[in-house]
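These notes are about the structure you will find just below.
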Amino acid sequence: MKDVARRAGVSTATVSRVLNGHSAPTPETRARVLAAVDALEYRPNVLARSLRVHSTQTLGLVISDLLNPFFAEIARAVEDEARKHGYVVIFGNADENVEQQERYVRTLLDRRVDGLLVCPATDDDGWVSEVSARNVPLVLLDRRIDVGGAPVVYADGAAALRELATHLVKLGHRRIGVISGPEDTSTGRERLHAFNDALRTLGHPLSPDLVTHGDFRRRSGADAASWLLGRPEPPTVLVAMDNLMGLGALEELRRLGRRIPDEVGLAIYDDQPWFPLFEPAITVVAQPTEEMGGAAVRSLLALINGEQPAEVHLDARLIVRASCGERL
């Protein structure tokens with residue numbers, strides 16, 4: 001900054017005012033300062049500046065799996081909303097691994113982010129104490145863990161899963177196979193419980209031998225589909241509780257030569273732009289990813305500003321297409 005001031009023939013205080021958006025004594029002075037900044041390729045040290053102003057204008061986002069299109073869409077929505085408010089986002093990919101998640105959380109804290117958005121990989125909450133110790137605002141996104149004070153932004157799929165259960169029963173499905181998410185994630189447990197409760201109310205609870213758990217990855221969906229279709233009395237329809245597991249199940253059905261929906265139906269929790277383009281188009285429970293990302297950023301900024309936002313519950317919705325035996 002002293003070099004810029006010397007080149008522009010002004011004080012360091014004037015340089016500071018120009019760089020921070022305050023008015024310079026004259027337009028000519030401001031122009032000289034900016035010309036000196038360009039000539040010297042001066043860039044303020046953001047971390048050093050943050051020690052003085054207590055803000056880096058950055059948010060940290062740790063997502064569970066960057067390869068999962070659902071989380072990629074959320075990340076894009078978070079970035080778009082943060083930009084509207086003058087913030088940039090630093091991303092970390094936990095890869096569904098709690099140790100990697102902890103490393104990214106620690107790294108982002110060391111980078112002095114103003115706040116953290118985290119999609120927890122598992123129920124493990126050991127990393128939260130470090131966030132609290134540093135007094136960094138935290139918002140949980142999509143998945144919840146049992147920590148006090150951190151608002152959660154998520155899509156409630158219970159109503160959509162009830163609709164799906166009713167839809168499948170009306171189509172005549174009684175042996176329904178479910179590829180559920182991990183039991184150590186809130187979304188894994190909640191989706192399975194909501195779907196089973198709905199079927200129980202309809203008088204057709206899930207058969208325990210037609211429920212298996214994947215890890216929200218494509219390979220686990222394929223393995224689960226293979227296992228379910230190998231049962232002595234296989235299901236007439238598969239319900240995958242995540243888009244990657246659903247893609248894996250679809251891949252396995254194609255490998256086995258099973259015709260959809262004539263031989264076995266398929267429904268997937270999460271929608272993707274290409275699902276309507278499949279033959280047949282896939283019946284899905286769609287989550288409002290854009291709204292989730294935007295709401296999460298707004299909640300985090302409220303925390304940063306000293307407010308205490310409430311949890312945000314958005315609604316997932318059933319989109320009926322043609323992969324479960326529908327006659328549209």
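The values are calculated or read from the model by the stated rules, or taken from the named source; none is laboratory data. Owing to the predicted nature of the structure, the values given are computational and were not obtained by experimental measurement. Positions of Cβ are generated from backbone atoms using ideal geometry, with glycine treated the same way; all protein chains shown enter the neighbour counts. Only protein heavy atoms, including side chains, enter the accessible area calculation; ligands, DNA and RNA are left aside. Shrake-Rupley method; radii C 1.70, N 1.55, O 1.52, S 1.80 Å.
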*Of the residues GLU190, GLU183, which is in a loop (DSSP other than H, G, I, E, B), in contact (Cβ under 8 Å) with a residue 12 or more places away in the chain and open to solvent by 10 Å² or more (accessible area, probe 1.4 Å)?*
GLU183
*Criterion violated by GLY306 - all others in (1) open to solvent by 60 Å² or more (accessible area, probe 1.4 Å); (2) in contact (Cβ under 8 Å) with a residue 40 or more places away in the chain; (3) of a type outside the set (Ser, Thr, Tyr) satisfied*: (2)
*Assuming ASP65 fulfils every condition listed in (1) touching a residue at least 24 places away in the same chain (Cβ under 8 Å); (2) more than 19 Å from PHE216 (Cα to Cα) apart from one, which condition is it?*
(2)
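Would you say LEU328 is open to solvent by 10 Å² or more (accessible area, probe 1.4 Å), outside any helix (DSSP H, G or I) and touching a residue at least 40 places away in the same chain (Cβ under 8 Å)? Let's see the steps before the verdict.
Numbers: open to solvent by 10 Å² or more (accessible area, probe 1.4 Å): yes; outside any helix (DSSP H, G or I): yes; touching a residue at least 40 places away in the same chain (Cβ under 8 Å): no.
No, not satisfied.
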*Name every residue in the range 78-124 that is part of a loop (DSSP other than H, G, I, E, B), within 16 Å of the chain's Cα centre (by Cα) and aliphatic (A, V, I, L, M), in order of residue number.*
ALA94, ALA121
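Looking at ALA249, ALA322, which one is small (Gly, Ala, Ser) and buried (at least 20 other Cβ atoms within 10 Å of the Cβ)?
Values: ALA322 fails: buried (at least 20 other Cβ atoms within 10 Å of the Cβ).
On inspection, the qualifying residue turns out to be ALA249.
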_Residues that are open to solvent by less than 70 Å² (accessible area, probe 1.4 Å), of a type outside the set (Gly, Ala, Ser) and touching a Cys at 6+ places or on another chain (Cβ under 6 Å): does the range 203-220 have at least one?_
no
*Among the residues of the range 206-224, which ones are of a type outside the set (Ser, Thr, Tyr) and either in contact with a Phe, Trp or Tyr (Cβ under 8 Å, 6 or more places away or on another chain) or in a helix (DSSP H, G or I) (or both)?*
LEU206, PRO208, ASP209, LEU210, ARG218, ARG219, GLY221, ALA222, ASP223, ALA224
*Which one is nearest to VAL98 (Cα to Cα) among residues in the range 146-180 that are β-branched (Val, Ile, Thr) and buried (at least 23 other Cβ atoms within 10 Å of the Cβ)?*
VAL153
*Set GLY203, GLY172, GLY148: member being without any contact (Cβ under 8 Å) to a residue 40 or more places away in the chain, outside any helix (DSSP H, G or I) and at positive phi*: GLY203
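Are any residues in the range 117-135 open to solvent by less than 30 Å² (accessible area, probe 1.4 Å) and farther than 19 Å from HIS313 by Cα, and if so, which ones? Give the steps one after another, and end with the answer.
We begin by selecting, within the range 117-135, every residue open to solvent by less than 30 Å² (accessible area, probe 1.4 Å); these are 117-122, 127-128, 131.
Scanning the range 117-135 gives ALA121, THR122, TRP127, VAL128, VAL131.
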_Failed condition for PHE278, given (1) surrounded by fewer than 20 Cβ atoms within 10 Å (Cβ to Cβ); (2) in contact with a helix residue (DSSP H, G or I) (Cβ under 6 Å, 6 or more places away or on another chain); (3) not basic (Lys, Arg)_ = (2)
